[in-house]
1. When you scan region 100-115, how many residues do you find that are surrounded by 13 or more Cβ atoms within 10 Å (Cβ to Cβ) and farther than 23 Å from E81 by Cβ?
2. Among the residues of region 290-315, how many are at pLDDT 95 or above and of a type in the set (S, T, N, Q)?
3. Exactly one of (1) in a helix (DSSP H, G or I); (2) surrounded by fewer than 23 Cβ atoms within 10 Å (Cβ to Cβ); (3) in contact (Cβ under 8 Å) with a residue 60 or more places away in the chain is unmet by R97. Its number?
4. Identify all residues within region 68-96 that are more than 28 Å from V308 (Cβ to Cβ) and basic (K, R); write none if there are none.
5. From the list I333, I373, which residue is of a type outside the set (D, E, K, R) and at pLDDT 90 or above?
6. Taking L259 as the residue in question, decide whether it is of a type in the set (A, V, I, L, M) and modelled with pLDDT of 90 or more.
7. Among the candidates I347, I275, which residue alone is touching a Phe, Trp or Tyr at 6+ places or on another chain (Cβ under 7 Å) and either aliphatic (A, V, I, L, M) or not in a helix (DSSP H, G or I) (or both)?
8. Does region 331-342 include one or more residues that are more than 26 Å from K383 (Cβ to Cβ), among the charged types (D, E, K, R) and either part of a helix (DSSP H, G or I) or touching a Pro at 6+ places or on another chain (Cβ under 7 Å) (or both)?
Amino acid sequence: MAEYKSFKPEWAPNDNDKAFACSVMDGIDNIKDTTVGNINPKIIQGQRKKIRRKILTVDDYVDGVTRGERMVLSRAITLIESNNPAHFSKAQQVLQRLLVRTGKALRIGITGVPGAGKSTIIEAFGNMLCENGHKVAVLTIDPTSSVTKGSILGDKTRMGTLSRNQNAFIRPSPAGGTLGGVARKSRETMLMCEAAGYDIIIIETVGVGQSEVTVRSMVDFFMLVVLTGAGDELQGIKKGIMELADAIVINKADGDNLLKAKVSRGEYERMIEYIRPATEGWKTHAYLCSALKKTGLLELWQVINAFVSATKAKGSFQKRRDNQLLAWVHSMIDEHLHNLFFDDPVINGRMPEVREAVLMGKISPTQAVAELIQVFDIERAAKKRVDLFNTSQ
């Protein structure tokens, strides 16, 4: 057997006894018996070569995504999500060349309170669509910790059967503190999935709230998943998420909860009467569904198809997509100007003094902003910043 040596760490208290629980064990480099565990003998002998992933070119990304290769698609999305300026430029080149293959998929947004069963519905619904010959891409947005900046990314685990389906692609992403839980690069990720041949894109958001309406600016059909006993009618008709929903789905309508779900459906139908339609030419209704029993899913798909037909006939479908593209341009302008301002060395040099003056009450926040804007030279800032948007490199 191998001889494992252990020793106490440097931070161990001086007066500790043998009962002290913490110790440091030698690494595998000091293990002589290569039969222990799963240690590769070549590691000890120094014969194993370091595995290097191939650096993909723009052509590699475009060809791989076009052929629907899931691994290349995953790496392309990782490239999009990167904050490295060099990666940004490369990602834009890939996206620009794939743009002609986008815009043909149906985009569905699903939101709801935590515990409403959004992931369960998506798995059952996605499996049904795959069985009917569709290719489904699911983009799930996980909450990001404001302390550690990390997230669990557990939606792919909860969709076990769908993640193993060859006609499905699930991509969990951290929200990164973005308003509404929609990741900053979700729009470009969605386009990349469309270019890979997925004809149905489902975006699941974190939860319901005033900020959750961000997802409305990305999708064609917006679905709100609710539970029974959600509250009184006055709460339901308050301005917020309900006025943006194209369908309200009451989940877990099975077993002893079926009767309560039917009552809730009637309540939501009465609430909808007081709310302006979310989409021109479409009347929102409430529907029953059980992701566990897989009931109501086919009806829901029929409702979505009816929505597409009705809105395309009236022109509101394309009008919404056009408005979304313009909103996307405006948000990118805001982001770029924000980065130009806060990356400017002159602003960074002036900021500590202004911040202290505001906290000491010497100047108002409005006056502080005016002073910073006055010293900001956008032409100078733009010249010093890397040309991220040059896709001809």
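1. So in region 100-115, the residues surrounded by 13 or more Cβ atoms within 10 Å (Cβ to Cβ) come out as 101-102, 105-113.
Next, from what is left, pick out any that are farther than 23 Å from E81 by Cβ: 106, 112-113.
Adding up the residues that qualify gives 3.
2. 4
3. Going through (1) in a helix (DSSP H, G or I); (2) surrounded by fewer than 23 Cβ atoms within 10 Å (Cβ to Cβ); (3) in contact (Cβ under 8 Å) with a residue 60 or more places away in the chain one by one, R97 breaks only (3).
4. R75, K90 - these are the residues of region 68-96 that are more than 28 Å from V308 (Cβ to Cβ) and basic (K, R).
5. Values: I333 fails: at pLDDT 90 or above.
On inspection, the qualifying residue turns out to be I373.
6. Details: of a type in the set (A, V, I, L, M): yes; modelled with pLDDT of 90 or more: yes.
Considered against the rule, which asks whether it is of a type in the set (A, V, I, L, M) and modelled with pLDDT of 90 or more, L259 comes out as yes.
7. Details: I275 fails: touching a Phe, Trp or Tyr at 6+ places or on another chain (Cβ under 7 Å).
Every option except I347 fails the conditions.
8. First, pick out the residues of region 331-342 that are more than 26 Å from K383 (Cβ to Cβ): none.
Checking region 331-342: not a single residue is more than 26 Å from K383 (Cβ to Cβ), among the charged types (D, E, K, R) and either part of a helix (DSSP H, G or I) or touching a Pro at 6+ places or on another chain (Cβ under 7 Å) (or both).
The values are calculated or read from the model by the stated rules, or taken from the named source; none is laboratory data. Remember, predicted model here, so these are calculated numbers, not experimental data. Every residue, glycine as well, gets a Cβ built from its backbone with ideal geometry; the counts of neighbours run over all protein chains shown.
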